[in-house]
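So that we are looking at the same thing, I have put the structure below in structure tokens.
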Amino acid sequence: MPTILLRARRAAAEKFSLIAAKYTPADVQVSFRRNLTGCAWAQSRKICVPRPRTRRALHIYLHEIAHVVLAHVHSKPEYLQEYEAELWAFAVMRAEGIEIPAKSLERAANYVRYLIHEAEKHGVTVNYAEVDFDKFLPSSYSQQPLQRAA
Ligand SMILES: [Zn+2]
């Protein structure tokens, strides 16, 4: 690979790692795994995640941090916790000026749809008012700077 691309990739990896660190509460125990999946234990404040060196890995990392920050201790149905974690991760990426690929939004929406389907299959009452699929539209994450109060 040309040196210039390697340099760009290394710079991006550094940027993503700094963003991950910025949003990781000091008391959260982070362990790393090699594949692009994650796990969170909100109660014991632990996550198991890929090293946040690519955009996809950062998204997974932030999703798991969200479970801890939002105190997802199974007090809500799974579909709702996953919905909230996805939106939190995307909001951070947007705030940090990271472009969110349409396919990441689509994957997240499909994941939540699948969990809703599973919940209903198991007799869980789904409150559709709590889930807004429009938040997974690319237009929700335009790269305009966030509005600030005047
Ligand atoms: Zn999750």
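Is there a residue in the range 51-73 that is part of a loop (DSSP other than H, G, I, E, B) and within 12 Å of the ligand (Cβ to nearest atom)?
Checking the range 51-73: at least one residue is part of a loop (DSSP other than H, G, I, E, B) and within 12 Å of the ligand (Cβ to nearest atom).
Just the residues that are touching a residue at least 24 places away in the same chain (Cβ under 8 Å) and not polar (S, T, N, Q), please, taken from the range 1-21.
Result: ALA12, ALA13, PHE16, ILE19, ALA20.
Further, regarding this structure: Every residue in the range 25-40 that is out of contact with any helix residue (DSSP H, G or I) (no Cβ under 6 Å at 6 or more places or on another chain) and more than 16 Å from GLU86 (Cα to Cα), please.
PRO25, ALA26, ASP27, GLN29, VAL30, SER31, PHE32, ARG33, ARG34, ASN35
Output the number of the condition that HIS117 fails; it satisfies all remaining conditions of (1) within 9 Å of the chain's Cα centre (by Cα); (2) away from the ligand (no atom under 13 Å from the Cβ).
Single failed check for HIS117: (1).
Before we move on, is ILE4 loosely packed, with under 11 Cβ neighbours inside 10 Å and either outside any loop (DSSP other than H, G, I, E, B) or of a type in the set (Asp, Glu) (or both)?
yes
Within the range 41-91, can you find the residues that are touching a residue at least 24 places away in the same chain (Cβ under 8 Å), surrounded by fewer than 21 Cβ atoms within 10 Å (Cβ to Cβ) and hydroxyl-bearing (Ser, Thr, Tyr)?
Scanning the range 41-91 gives a single hit, THR54.
How about the range 27-50: which of its residues are assigned to a strand (DSSP E or B) and within 15 Å of the ligand (Cβ to nearest atom)?
ARG33, CYS39, ALA40, TRP41, LYS46, ILE47, CYS48, VAL49, PRO50
Quick check on the range 94-113. Is at least one of its residues more than 16 Å from the ligand (Cβ to nearest atom) and more than 16 Å from the chain's Cα centre (by Cα)?
Checked against the condition, which is being more than 16 Å from the ligand (Cβ to nearest atom) and more than 16 Å from the chain's Cα centre (by Cα), the range 94-113 yields no hits at all.
Bear in mind these aren't lab numbers, they're just calculated from the coordinates by the rules spelled out. Predicted model only: the values in this text are computed from it and were never measured. As a convention, Cβ positions derive from the backbone with ideal geometry for all residues, glycine included, and neighbour counts pool all protein chains shown.
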